[in-house]
Amino acid sequence: MSTTAYRAGEKQGLGKHWAVAAGHPLAVRAAQAMLELKGSAVDAAIAADAVMGVVEPMATGIGGDLLAMIASPDSMPVAYNGSGAAPLLLKAEHVQALSGGRIPERHVLSITTPGLVRGWWDMHQRYGRLDWACLFQPAIQAARKGFAVAPVAAREWQIFDFVLHRDPVCAALYRAGKPPKAGEQYLNPELAAVLQDIATQGPDAFYLGRPAQQAEQAMEQVQGLLRAEDFRRHKGFFCEPVSASLGEFSLYECPPNTHGVAVLDAVQRAWKRPVDQDAAELELVKATEAAMVQASRVVCDPAGNTVCTVVVDADGLAVTFMSSIFKRFGSAYAVPGCGFVLQNRGFGFSEPGHVNGPGPGKRPYHTVVPSLALKSGQFHMGLGVVGGLMQPQGQIQIWTRVLRDGWPLEKALFAPRWRLEGAGRLALEDGFDASRAAFLREYGYVSPDKGVGELAGRSDFGGAQAVERLVDGRLQAVSDPRKDGCVALD
């Protein structure tokens, strides 16, 4: 039994054996329960992620994707890509016929195959220790009996209510026009039933069963292209991460189709730090801008919403586990009777003819990118940042401050951030150092136009989850105060 009691809202802490940082107290509690049953870090991450799909439906769910980074004590890090592909029926001419020749944000053609459930299974098959079915009991209970909506989730639910009205199934499921307030109970018995089927029957209950059939019928009614065959054909895969050597550290990111290479590019560019604090910040901004320009040659204007869980277990297995339905509430098309929306990753495609152009069975550029670092060959830290284009930018700022500058983890996560919104446009979070802000403005970085990249009247500066192994062997977990999450440790 854990010697550290669970406390809702605890944003940081130290433990000797295991540590969890996740985006919601119920998710942290689920992960903690798995670890106390002697489950692995992956068991705990799956349980937490399943809960996140219940309690933060605007960010993730079984209609979305999974990407993960895993570090075992006795082997090199491994990446997992559980991103889904475009429907087999999608052709370039479908997109060419659209205004602007690009798939719009929540157009029915933006819907791609869900990869999350298969990702859970693949990860559990390789790294899990507990019985598959037990991993989903906390999520099933939350969906069936209800939960209190958390403050940040409630605010985003209200802000993005406008996307819920087009599809009647989605409108009924997520209470379009009457979003739940913070503390209000919300339940999703349809999702509970699907999760129960997944728990008892495995991933085939999802990919060969009722959800796939219902999704096909729903898409046929709205001229969508996703079919049950797309579900049946989906496969995720383990792969070698991309990495960079940074002194005694090695930084690992998921390879394309994610933008992990942009993070590595920027951190390497900025690794030699100027002595002057203002100049160092400017160089970091410039390095990030250059890296994002490089990434934009592959895809244009990706932005979304994601959840992250970082777990290190008592055996030293570490995982950064990220899932997403892309934009808030994904495509805003729900699967009838199943309690979830389909993702809209197809918005990440560029125009036809581009290297990232749309095509049948093709994976689009992906904003989700879990990461971790080794120190002298041993696990040092796992990190994930949510928030679309804030994911690479947040990682760049946090990794640089922790690995290069030696900042304490909590300082790096809590510090005010900046966000590039386009060429020369730099949004600064409230509390950002005023003199440094003036210095950046002097060098041509102007405030973005109102409404660009904004959430609730401000730019979205993301939310991070992280666990770091300290020099004395203890684990420090930190959960970003910008989100509803917390930590648990033993």
Inset, instruction - Go over the candidates L246, L251 one by one and state the one that is modelled with pLDDT of 95 or more and in contact with a Ser or Thr (Cβ under 8 Å, 6 or more places away or on another chain). - result: L251
Legend entry - Long-range neighbours under 8 Å by Cβ, at least six apart or interchain, first residue in a helix (DSSP H, G or I) within region 70-97, second at pLDDT below 95 and basic (K, R): V95/R102
Legend entry - Elements of type helices (runs of 4 or more DSSP H) contained in region 189-261, each with 3 or more residues being out of contact with any Lys or Arg (no Cβ under 8 Å at 6 or more places or on another chain), open to solvent by 10 Å² or more (accessible area, probe 1.4 Å) and over 21 Å from L88 (Cα atoms): 189-201
Legend entry - Filtered residue count, region 328-375, keeping only those that are open to solvent by 30 Å² or more (accessible area, probe 1.4 Å) and either under 23 Å from I70 (Cα atoms) or within 16 Å of the chain's Cα centre (by Cα) (or both): 2
Inset, instruction - Just one of (1) in a loop (DSSP other than H, G, I, E, B); (2) over 22 Å from the mean Cα position of the chain (by Cα) trips up R436, so point out which. - result: (1)
Legend entry - Cβ pairs under 6 Å, 6+ apart, first in region 442-464 and at pLDDT 55 or above, second of a type in the set (V, I, T): G462/V385; G462/V386; G463/V386; A464/V385
Legend entry - The listed residue being farther than 13 Å from V319 by Cα and open to solvent by less than 10 Å² (accessible area, probe 1.4 Å), out of I70, I111, I46: I111
Legend entry - Members of region 462-490 that are touching a Phe, Trp or Tyr at 6+ places or on another chain (Cβ under 6 Å) and surrounded by 24 or more Cβ atoms within 10 Å (Cβ to Cβ): A488
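The values are calculated or read from the model by the stated rules, or taken from the named source; none is laboratory data. In this text the structure is predicted, and so the values were computed from the model without any measurement. Methodologically, a virtual Cβ is constructed for each residue, glycine included, from the backbone with ideal geometry; neighbour enumeration extends over all protein chains shown. We work out accessible area using only protein heavy atoms, side chains counted, and drop any ligands, DNA or RNA first. Shrake-Rupley method; radii C 1.70, N 1.55, O 1.52, S 1.80 Å.
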